[in-house]
Every structure is written in structure tokens, then in C-alpha cells.
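Here the structure comes first, spelled out in C-alpha cells, and everything after it is commentary.
The values are calculated or read from the model by the stated rules, or taken from the named source; none is laboratory data. From a predicted model like this one, the values you see are computed outputs, not experimental measurements. Neighbour counts are summed over all protein chains in view; Cβ atoms, including those assigned to glycine, are modelled from backbone coordinates with ideal geometry.
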Amino acid sequence: MVRGILSAALAAAAFAGTAFAGAKCSKDSHCPQESPCCSLYGDCGVGAFCLGGCDPLMSHSFDSCVPGPVCQSATYTLDSLDDVQTIDKYLGDASSINWQSQGMPAIYTDPSSGQKSTLLTMAQGTVGTLLASTHYVWYGKICSKLTTAQGQGVVTAFILMSDVKDEIDFEWIGIDTQHVQSNYYSQGVTVYTNGEKLTVPDKSTAEEMHEYCIDWTEDKLTWTINDVTQRTLDRKETWNSTSNRYDYPQTPARIMLSLWPAGLPTNAKGTVEWAGGEIDWNSPYMQNGYYYARFQEVSVTCYDPPSGAQIKGKKVYKYTDESGTNNTVAITDNDVILGSLMGTGENPGEKPKDGDAKATQSLAMVPGGNPGGGAGDHQLATSAAAVQPDGSSPQATGSANDGGASAGQFIQNSGGGGSTGAGLIVQPGLGRMGGSALAIVVAIMGLIAL
Ligand SMILES: *[C@@H]1O[C@H](CO)[C@@H](O)[C@H](O)[C@H]1NC(C)=O
Ligand SMILES: *[C@@H]1O[C@H](CO)[C@@H](O)[C@H](O)[C@H]1NC(C)=O
């Protein structure tokens, strides 16, 4: 799957007008030492590539990725962006920041109740918005109250995604506001029969706030809507005699909230069809120039780690074996905070000082894209993102925007001044590493002193 994508990646890079091509990674081909971390999208880099989503089974060594902060039971009200940091700023300190963002989140104030919530916005020319938790969950109950975006080609997602790509999904297609698609994946392997469409009670998912929960234990997975169980999956049902293990999500996962453009004409045809067609950028469902999904709350109740877990500490989850199964994740005290985006798990580095020499080389430090969620039961998706050539995304404006600017641009060229080869690569998704139309954008930032 990964290899088949390469030619398309090159074509997309040409489309984006950049000559940079970073190393790719897979289970068979790990990242090189100088860019040791394999991002969620199969690209090697440093900095943000080594944080959330860094795949330890494809990276240079088990120490390359920064181990994931352990589960934290909490209720996040999502009524301000103080707890959100853009991916090009976050250096791994989960004790001070709970959400990492890509794209343009904005605060919305309900005019009648005054209640605030977070909008994930998607303006034309962007790949939408993604919020990912900085803490991982290794079994727990995770709930969110939300309303979805409407319109063809527009997909809202609330998912759990582990660094080895175990995944549990709720996904809403913008043309069907009566249903939600539930899905799960094990280590990113596409199995077309895992998806199930659930009926949402009462009013439209776009107009009415419902509470969606994923209750995830070692043995059972339950999807509920407004406290009513809609689907269950027993671990036992997932035995795979070819791979000799359960194809059951079993590794620490981040919570992801997203709004993403499955219906871009550059995406695979099947994905566009799954999403109900191409996106209309003059849709009545857009406001202030963007599509939006509204998340009012996320709550997390952590469960105990599996009985057989290797418990050697309290702070982080660390993979110890290339099988990537539940019994190969240890809980340790090896927490790491990067000194800068040039750091890695092996060599976190120090905070750069003014006047540090500028590097002459370019390395990828911030992976882009929006994994959305499982894009469909029946398609592999390869997609290229429509990002504005300068990497900017339109500002959220108008009444729905209260402080969105602090959450920043989708991709920032980090003050490069252009002299060190700052640029963008637009890449297709890795097939279904989620069937997701991964609209992938990798910001290649010059190694200037940050
Ligand atoms: C079993 O695992 C193999 C290898 O990962 C995969 O290709 C196959 O699709 C799985 N089979 C089922 C029925 O899920
Ligand atoms: C997790 O590991 C234990 C052994 O430590 C095993 O019994 C259990 O089946 C594993 N769970 C999955 C989903 O493989």
C-alpha cells in the first residue's frame, strides 16, 4: 500500500512546487538516524514527527519517538483555546497543554445561552482542523458532545488513534445527518467489513447536540449515543488466525476531533463517493467562509492498564517490541520534553538561544495533514491536499471567531524568511492508514533558529 503511493507523492510534490523529498518509512524500512521519527503518515522527520503519532515500529529505534503521556481522567469543556497549542509549538509537555492543533479551531459563543464551545473550521483551500489530545488513553470511556458539519464531501470525526494505528471511530458524513459510522482498525490494516452505520436518535446530528461515547476495555468495545448502546464488539470476535492475534484495538491511543475534506476532487474517487460527492465551497452550510463542526465537551475516564502490562513507572507508555501488541507496551517514567523542534526522543536537545548558528540543512519538523477517521468501508484513499501555496489558511472571521487566531495557521513557515528552503510538500495519504482521505501536508521548515 505504502509503496504504491510513492509515484503519486512525487507528482503531488511537483504540484506543490517543491523539490524536497524526505525519507519515507514503513515496517520494512525504518527512518534513518538523521530523521529518525516516522509520522502517522509515513514520513521521517524530527521535532513534531517524534511526538504524538510517531510510529515506534517504523522509526529508527524504539527510543526515537517520545513516549506518550499516560491517561488522565478529566472533563475538557473546550470553551477556550488556552489549552490548545499548534503542532509547530507543542514540544511534548502534556502537563501544561492537553490539546495539539492543526488547522483553525475557533471559539463559538451560543447567542442565547452564552455557552462557549470549540468550532473546528474548514475553509476552502484547507484540509480542515484537527485537535489531538496530548495524553493517551489505554482503555477508558471517552465521550464527546458535538454537532456535525453538513454538506457533501465534508466529514466530521471523533476517533481514537494509537501510534501503531489501532483505531476506533465515530464518523459523520455531511450529507447524512441521521447516522454515524462506527469503525475500528488494528494496526492500520483495512478490513472492509469492520464498519457499521448507527442511527442517531431524534434530530439531525448537525442541529442537535448529542453525546457520543466510546467505552473501551481490554475485552469489549462499546459505541453509545446519548447513553444508549448502539454497537458492541468483543475482543474474541476479532481473532485473526493469519496474524495469530486479535485484530482488536489494544494500544494507547490519542483522542482526535476533526473536520476534514473527504470530497476533494484530488482524493480517490471512492472516497469522494463515500463522502457524498465533491465539496461545494459556496455551500449554504458554510458560515463566515467555512464549514464547521462544534465540540462542546470531551470527557475521559481512564481504566486500569491491562493486567499483563509491564509496569515500571507511572508517566508514559513506551513500546518495547515490534509486534506492537498490548503486552509489549510498558509504563515507564521516561518522559521527554523536546528542547526545540530539532529534538528527537533519543536526543531532545535544548532550547535554542538567540544567536545560535543557523543550520544549512532542511529537515522535516512538523508533519501535516488531517487523519480524519476511517474513510469508508470500501475504499482506499489516496489524496492530495489543496493547501494554499503559501501554506496559509484563511482566517476565521466574524461572530463565530473568538480568539481563533491564537490557534494559528494551519501551517506556519515559522518565520523562515524563505532563505532556508521553507516550503510545503503536499502528499497523498497512505492508502487506508485509514481509508482516510489523508490530506497530507508536510511543512518543511528550514532549520533556522526558532
Ligand atoms: C488478518 O491479518 C492479515 C495480516 O495483517 C490481514 O491481511 C487480513 O486482512 C486479516 N484478516 C481478517 C479477516 O481480518
Ligand atoms: C493483551 O495481553 C494479554 C496477555 O498479557 C492477553 O491475554 C490479551 O488477550 C491481550 N489482548 C489482546 C487484545 O490481544
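Which condition number does T328 fail, the rest of (1) β-branched (V, I, T); (2) farther than 30 Å from S26 by Cβ; (3) crowded, with 16+ Cβ neighbours inside 10 Å; (4) within 14 Å of ligand 2 (Cβ to nearest atom) being met?
(2)
Give the residue that is farthest from ligand 2 (Cβ to nearest atom), with candidates limited to residues of the stretch 242-261 that are modelled with pLDDT of 95 or more and assigned to a loop (DSSP other than H, G, I, E, B).
P252
Please determine, by comparing only the residues of the stretch 168-198 that are assigned to a loop (DSSP other than H, G, I, E, B) and among the β-branched types (V, I, T), which one is nearest to ligand 1 (Cβ to nearest atom). Show your work before the answer.
Looking only at the stretch 168-198, we keep the residues that are assigned to a loop (DSSP other than H, G, I, E, B), and these are 174-178, 187-188, 190-195.
Right, trim to among the β-branched types (V, I, T) and you get 175, 177, 190-191, 193.
On the way: I175: 29, T177: 31, T190: 8, V191: 4, T193: 8 Å.
Among those that are assigned to a loop (DSSP other than H, G, I, E, B) and among the β-branched types (V, I, T), it is V191.
Among the numbered criteria (1) closer than 20 Å to T325 by Cβ; (2) without any contact (Cβ under 8 Å) to a residue 40 or more places away in the chain, which one does R254 miss?
(2)
Please state which of the following conditions L264 fails to meet, knowing it meets all the rest: (1) away from ligand 1 (no atom under 14 Å from the Cβ); (2) assigned to a strand (DSSP E or B).
The number of the failed condition is (2).
State all residues of the stretch 80-104 that are in contact (Cβ under 8 Å) with a residue 60 or more places away in the chain and out of contact with any Phe, Trp or Tyr (no Cβ under 7 Å at 6 or more places or on another chain); if no residue qualifies, say none.
S80, L81, T86, I87, D88, K89, L91, G92, D93, S101
Would you be able to say whether some residue in the stretch 150-170 is modelled with pLDDT of 95 or more, of a type in the set (S, T, Y) and within 28 Å of D55 (Cβ to Cβ)?
yes
Just to be sure, is K312 over 27 Å from E34 (Cα atoms), of a type in the set (K, R) and within 16 Å of ligand 2 (Cβ to nearest atom)? Show your work before the answer.
Values: over 27 Å from E34 (Cα atoms): yes; of a type in the set (K, R): yes; within 16 Å of ligand 2 (Cβ to nearest atom): yes.
Criteria met by K312.
Test of understanding: among S96, S64, which residue is part of a loop (DSSP other than H, G, I, E, B), under 25 Å from M342 (Cβ atoms), of a type in the set (S, T, N, Q) and out of contact with any strand residue (DSSP E or B) (no Cβ under 7 Å at 6 or more places or on another chain)? Outline the logic, then answer.
Details: S64 fails: out of contact with any strand residue (DSSP E or B) (no Cβ under 7 Å at 6 or more places or on another chain).
That would be S96, the only listed residue that is part of a loop (DSSP other than H, G, I, E, B), under 25 Å from M342 (Cβ atoms), of a type in the set (S, T, N, Q) and out of contact with any strand residue (DSSP E or B) (no Cβ under 7 Å at 6 or more places or on another chain).
List the number of the failed condition for N282; all other conditions in (1) within 15 Å of ligand 1 (Cβ to nearest atom); (2) assigned to a loop (DSSP other than H, G, I, E, B) hold.
Unmet for N282, out of (1) within 15 Å of ligand 1 (Cβ to nearest atom); (2) assigned to a loop (DSSP other than H, G, I, E, B): (1).
Hey, can you tell me all the residues within the stretch 182-197 that are buried (at least 18 other Cβ atoms within 10 Å of the Cβ) and either within 16 Å of ligand 2 (Cβ to nearest atom) or not polar (S, T, N, Q) (or both)? So that I can check it myself, show each step before the final result.
Initial filter on the stretch 182-197 (buried (at least 18 other Cβ atoms within 10 Å of the Cβ)): 182-188, 190, 194-195.
Residues satisfying the conditions are Y184, Y185, S186, Q187, G188, N194, G195.
All but one of (1) within 16 Å of ligand 1 (Cβ to nearest atom); (2) part of a strand (DSSP E or B) hold for L160, so report the exception by its number.
L160 satisfies every listed condition except (1).
Select from the stretch 199-241 the residues that are under 17 Å from N183 (Cβ atoms) and either outside any strand (DSSP E or B) or of a type in the set (A, V, I, L, M, F, W, C) (or both) and list them in ascending order. Give the steps one after another, and end with the answer.
Keep residues of the stretch 199-241 that are under 17 Å from N183 (Cβ atoms), which gives 199-200, 205, 212-216, 220-225, 229-235, 237-238, 240.
Once the filter is applied, which keeps residues that are under 17 Å from N183 (Cβ atoms) and either outside any strand (DSSP E or B) or of a type in the set (A, V, I, L, M, F, W, C) (or both), the stretch 199-241 yields V200, T205, C213, I214, W216, L221, W223, I225, L233, R235, E237, T238.
Which numbered condition trips up K165, out of (1) more than 23 Å from P305 (Cβ to Cβ); (2) assigned to a loop (DSSP other than H, G, I, E, B); (3) touching a residue at least 24 places away in the same chain (Cβ under 8 Å)?
The one condition K165 does not meet is (1).
Can you tell me which residue in the stretch 199-219 is farthest from Y292 (Cα to Cα), limited to those that are polar (S, T, N, Q) and over 23 Å from the mean Cα position of the chain (by Cα)?
If we filter the stretch 199-219 for residues that are polar (S, T, N, Q), which is where we start, we get 199, 204-205, 217.
Now drop any that are not over 23 Å from the mean Cα position of the chain (by Cα), which leaves 199, 204.
Details: T199: 22, S204: 15 Å.
The selected residue is T199.
Any idea how many residues of the stretch 201-260 are within 16 Å of ligand 1 (Cβ to nearest atom), surrounded by fewer than 21 Cβ atoms within 10 Å (Cβ to Cβ) and among the polar types (S, T, N, Q)?
Adding up the residues that qualify gives 6.
Taking the stretch 265-284 as the search range and keeping residues that are farther than 23 Å from K197 by Cα and in contact (Cβ under 8 Å) with a residue 60 or more places away in the chain, which one is nearest to ligand 2 (Cβ to nearest atom)?
First pass over the stretch 265-284, keeping only residues farther than 23 Å from K197 by Cα: 265-266, 280-284.
The next check asks that each one be in contact (Cβ under 8 Å) with a residue 60 or more places away in the chain; those that pass are 266, 280-281, 283.
On the way: T266: 37, D280: 42, W281: 43, S283: 42 Å.
So, considering only residues that are farther than 23 Å from K197 by Cα and in contact (Cβ under 8 Å) with a residue 60 or more places away in the chain, the one nearest to ligand 2 (Cβ to nearest atom) is T266.
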